[in-house]
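**Q** Here's a structure for you.
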Amino acid sequence: MSKIGLRRAWFQAHKWIGLLLAVLIIPLSLSGAALVWDEAVDHVLNPARYAVSGNTTLDPARYVAAARTTLKPAERIASIAFPEGEGPVQVIAITPPDPARRGPPQRTTVYLDPPTARILATASSGSGVLRVLHNLHGNLLVPGVGRQIVGWIGVAMLVSCVSGLWLWWPTVGRWTRGLRWRRHRNTDTNVHHLFGFWIALPLFVLSLTGVWISFPQVFAGGGASRGPGGPGGRPVALERPILAVDTVLARAATVTPGAVSRVEWPTDRKPEWKVQLRKARGVTVDDVTGRAMPARPESETLARTMRRLHDGTRMGFVWQLLVFLGGILPAVLAVTGIIMWWRARRWKAAFKAKQRVRAAA
């Protein structure tokens with residue numbers, strides 16, 4: 001295939017990916033941009049959860065007892081998180097998974113005022129604006145097959161990034177000519193060319209990590225099954241641990257003293273407590289023997305790295321900003337691409353009309 005023929009092929013692929021998937025790419029990318037700073041969004045949407053009266057914390061058992069007053073009998077406490085600075089204490093409880101129901105167990109978060117243990121709000125993982133955004137971004141609000149649809153959209157976006165960069169590359173002269181603003185007389189076309197170039201690499205990374213998240217069994221070589229009850233099922237917090245949370249923290253302090261940021265309850269898979277500290281290594285406490293020992297550092301798996309690259313968790317402000325722009329700019333590119341396609345159709349129609357008039361003359 002000649003260079004001109006290859007360029008035309010890339011153009012057709014790039015054009016039809018944008019036109020056919022624009023209605024899906026726009027909500028998918030905008031929801032991802034909003035989720036980069038989901039905590040800030042939650043502060044705006046639910047101010048009552050963060051209306052604390054101070055920073056002084058009480059005995060953890062006080063928060064657990066207060067949370068139980070609003071939890072359902074079947075819900076089991078899974079963790080308690082303490083704020084770093086100003087913010088609520090959060091007690092998280094889960095409902096044991098139902099084999100007949102797909103998806104992760106339902107989770108309930110109880111927000112408490114640190115100085116008084118007063119309940120500020122209660123939120124379910126299955127409701128709220130952020131949950132809708134998570135479902136929209138993860139499966140387009142289509143349970144089951146929706147995640148696979150999102151994965152194939154990611155594959156299409158990978159092709160779009162490569163083809164767009166090919167089309168951006170100047171056919172004459174140095175590549176730096178492509179960085180000019182006025183490559184075309186229309187502003188939307190200039191926006192499409194320039195923004196498309198600068199976001200191409202971050203968007204390629206986001207698309208690749210999104211495909212990885214959507215098809216984990218492919219990249220894991222068909223690993224363990226997922227879901228409740230299987231070898232890869234999710235662990236469930238014990239309903240009645242042997243040790244009390246105060247005892248656990250006292251045992252942990254004998255190994256590594258320090259400010260506690262989070263305590264995780266023992267599970268049916270591993271009956272040990274996990275105590276996370278702010279400025280020191282965490283501690284595990286065996287729920288049966290009460291033995292406390294320093295926690296083993298968790299290895300950074302490739303799957304976890306892919307997840308952090310995709311959502312920007314602990315990746316610094318610069319990468320989070322790029323992830324945010326990687327959600328905003330695809331929507332801009334989709335809109336400008338549609339405008340460019342529609343204008344080209346009008347040009348072609350006008351040109352054909354002139355040809356017909358000349359032929360008639």
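The values are calculated or read from the model by the stated rules, or taken from the named source; none is laboratory data. Remember, predicted model here, so these are calculated numbers, not experimental data. Cβ atoms come from the backbone with ideal geometry, glycine included; neighbour counts cover every protein chain shown. In case anyone asks, the SASA skips ligands and DNA or RNA and just uses the protein heavy atoms, side chains included. Shrake-Rupley method; radii C 1.70, N 1.55, O 1.52, S 1.80 Å.
**Q** In this structure, does GLY146 turn out to be on the phi > 0 side of the Ramachandran plot and surrounded by fewer than 17 Cβ atoms within 10 Å (Cβ to Cβ)? Can you show your working first?
**A** Numbers: on the phi > 0 side of the Ramachandran plot: no; surrounded by fewer than 17 Cβ atoms within 10 Å (Cβ to Cβ): yes.
Judged against the criteria, GLY146 is not a match.
**Q** May I pose another question? Could we say that VAL91 is touching a Ser or Thr at 6+ places or on another chain (Cβ under 6 Å) and either under 30 Å from HIS14 (Cβ atoms) or aliphatic (A, V, I, L, M) (or both) here?
**A** Answer is no for this residue.
**Q** Now for a separate question. Consider only pairs whose beta carbons are under 8 Å apart and that are at least six residues apart or on different chains; among these, list those whose first residue lies in region 57-76 and is under 15 Å from ALA237 (Cα atoms) and whose second residue is open to solvent by 70 Å² or more (accessible area, probe 1.4 Å) and in a loop (DSSP other than H, G, I, E, B).
**A** Hits for this filter: ARG76/GLU239.
**Q** Please name all residue pairs, on different chains or six or more residues apart, with Cβ atoms under 9 Å, provided the first residue is in region 253-270 and is open to solvent by less than 30 Å² (accessible area, probe 1.4 Å) and the second residue is of a type in the set (Asp, Glu) and at pLDDT 90 or above.
**A** What qualifies is TRP265/ASP287; PRO266/GLU272; PRO266/ASP286; PRO266/ASP287.
**Q** Report, by residue number, each residue of region 38-59 that is loosely packed, with under 15 Cβ neighbours inside 10 Å and of a type in the set (A, V, I, L, M, F, W, C).
**A** ALA40, VAL44, LEU45, ALA48, ALA51, listed by residue number.
**Q** Hey, another quick one. Could you tell me which residue of region 175-185 is farthest from LEU201 (Cα to Cα), considering only residues that are open to solvent by 70 Å² or more (accessible area, probe 1.4 Å) and assigned to a helix (DSSP H, G or I)? If you could, list the steps in order and put the result at the bottom.
**A** The initial filter retains those residues of region 175-185 that are open to solvent by 70 Å² or more (accessible area, probe 1.4 Å), namely 175, 177, 180-183, 185.
With assigned to a helix (DSSP H, G or I) added as a condition, the list becomes 175, 177.
Numbers: TRP175: 16, ARG177: 19 Å.
Restricting to residues being open to solvent by 70 Å² or more (accessible area, probe 1.4 Å) and assigned to a helix (DSSP H, G or I), the top hit is ARG177.
**Q** Tell me, which residue of region 156-174 that is free of Cβ contacts under 8 Å to residues at least 40 places away in the same chain and closer than 15 Å to HIS14 by Cβ is least open to solvent (accessible area, probe 1.4 Å)? Let's see the steps before the verdict.
**A** Pass one, region 156-174, residues free of Cβ contacts under 8 Å to residues at least 40 places away in the same chain: 165, 168-170, 172-174.
After this cut, where a residue has to be closer than 15 Å to HIS14 by Cβ as well, the list is 165, 168-169.
Values: LEU165: 69, TRP168: 7, TRP169: 122 Å².
Once the filter is applied, the top-ranked residue is TRP168.
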